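A.B. asks: Structure below; questions to follow.
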Amino acid sequence: MAIYDSAQTVNKSLELYFIKENLGKDGGLNEAWGRIKVWKFYIPIPNTKARKKALVFHDIHHIVTGYDGDWRGEVSIGAWEVASGCGKYYVAWLLNLGAMAVGLFIYPRSLFNAFLRGKRTENLYHHTIPQDEALTMQVGELQRKLKLDRDMRQKITMRELFSFLFWSAVALAVLIAPLVFLLFILKSFGLLYQ
């Protein structure tokens, strides 16, 4: 888990995060294509207008939660954002659910802990704090406003557990749906052997 200086501004911490994660000066915000690292390879994804809107908040969330940009960190931030809600950012829902589905297999404990943390905190997708204001705040100040400074060791409630199970099922459906669709198309065109 990356720890950023709580007295440093979020904007300055983002600059350091972009350098650490090799994301370029603006985190790839103004690039035509984004990328997802899978092992030693990068998978290009279109950097759509909707993705760019969500990306700024997503990157700030990395700073305030301390989750790195590696697979464990992306799985964790995905679960945290799903649990705390992605609002009207549909691209964020889709990408986070995909990360969550992968996390169920490779980092289930980290995923579960991050999900619980998300149920007990807030995020920036709900516009309670404007983006420009969040960028100029100190990291510790934003963490307090999003309730990330609170003790998370409370007992797990049944509501939290059922929420985790529900969103895990949704995440798996998001992961499996394209494969099922592809198999359906292949079978429809007779390209799949019986």
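The values are calculated or read from the model by the stated rules, or taken from the named source; none is laboratory data. Values in this document were obtained by computation on a predicted structure and should not be read as measured data. As a convention, Cβ positions derive from the backbone with ideal geometry for all residues, glycine included, and neighbour counts pool all protein chains shown.
A.B. asks: Residues that are exposed (fewer than 12 other Cβ atoms within 10 Å of the Cβ) and within 18 Å of Gln131 (Cα to Cα): does segment 10-21 have at least one?
C.D. replies: Checked against the condition, which is being exposed (fewer than 12 other Cβ atoms within 10 Å of the Cβ) and within 18 Å of Gln131 (Cα to Cα), segment 10-21 yields no hits at all.
A.B. asks: Of a type outside the set (S, T, N, Q), closer than 13 Å to Trp80 by Cβ and modelled with pLDDT of 95 or more, is that true of Leu146?
C.D. replies: yes
A.B. asks: Which condition number in (1) closer than 22 Å to Arg72 by Cβ; (2) touching a helix residue (DSSP H, G or I) at 6+ places or on another chain (Cβ under 7 Å); (3) surrounded by fewer than 18 Cβ atoms within 10 Å (Cβ to Cβ) is the one that Gln131 fails?
C.D. replies: For Gln131, the exception is condition (1).
A.B. asks: Within segment 127-138, does at least one residue satisfy the condition of being within 16 Å of the chain's Cα centre (by Cα) and at pLDDT 95 or above?
C.D. replies: Filtering segment 127-138 for residues within 16 Å of the chain's Cα centre (by Cα) gives none.
Looking for residues that are within 16 Å of the chain's Cα centre (by Cα) and at pLDDT 95 or above, one finds none in segment 127-138, hence no.
A.B. asks: Now, a different point. What's the number of the only condition in (1) crowded, with 22+ Cβ neighbours inside 10 Å; (2) without any contact (Cβ under 8 Å) to a residue 40 or more places away in the chain that Lys40 fails to meet?
C.D. replies: Only one criterion in (1) crowded, with 22+ Cβ neighbours inside 10 Å; (2) without any contact (Cβ under 8 Å) to a residue 40 or more places away in the chain is unmet by Lys40, namely (1).
A.B. asks: Of the residues Val64, Val75, Val82, Val56, which single one is modelled with pLDDT under 95, in a helix (DSSP H, G or I), of a type in the set (Val, Ile, Thr) and closer than 27 Å to Leu116 by Cα?
C.D. replies: Working: Val64 fails: modelled with pLDDT under 95; Val75 fails: modelled with pLDDT under 95; Val82 fails: modelled with pLDDT under 95.
Exactly one residue qualifies, and that residue is Val56.
A.B. asks: I would also like to ask the following. So is Lys88 free of Cβ contacts under 8 Å to residues at least 40 places away in the same chain, in contact with a Ser or Thr (Cβ under 9 Å, 6 or more places away or on another chain) and either farther than 23 Å from Val38 by Cα or loosely packed, with under 14 Cβ neighbours inside 10 Å (or both) or not?
C.D. replies: It is false that Lys88 is free of Cβ contacts under 8 Å to residues at least 40 places away in the same chain, in contact with a Ser or Thr (Cβ under 9 Å, 6 or more places away or on another chain) and either farther than 23 Å from Val38 by Cα or loosely packed, with under 14 Cβ neighbours inside 10 Å (or both).
A.B. asks: Need pairs with beta-carbon distance below 8 Å; first residue farther than 12 Å from Ala101 by Cα and within segment 163-190, second hydrophobic (A, V, I, L, M, F, W, C) and not in a helix (DSSP H, G or I); sequence gap 6+ or separate chains.
C.D. replies: Within 8 Å, the pairs are Leu183/Leu192; Leu186/Leu192.
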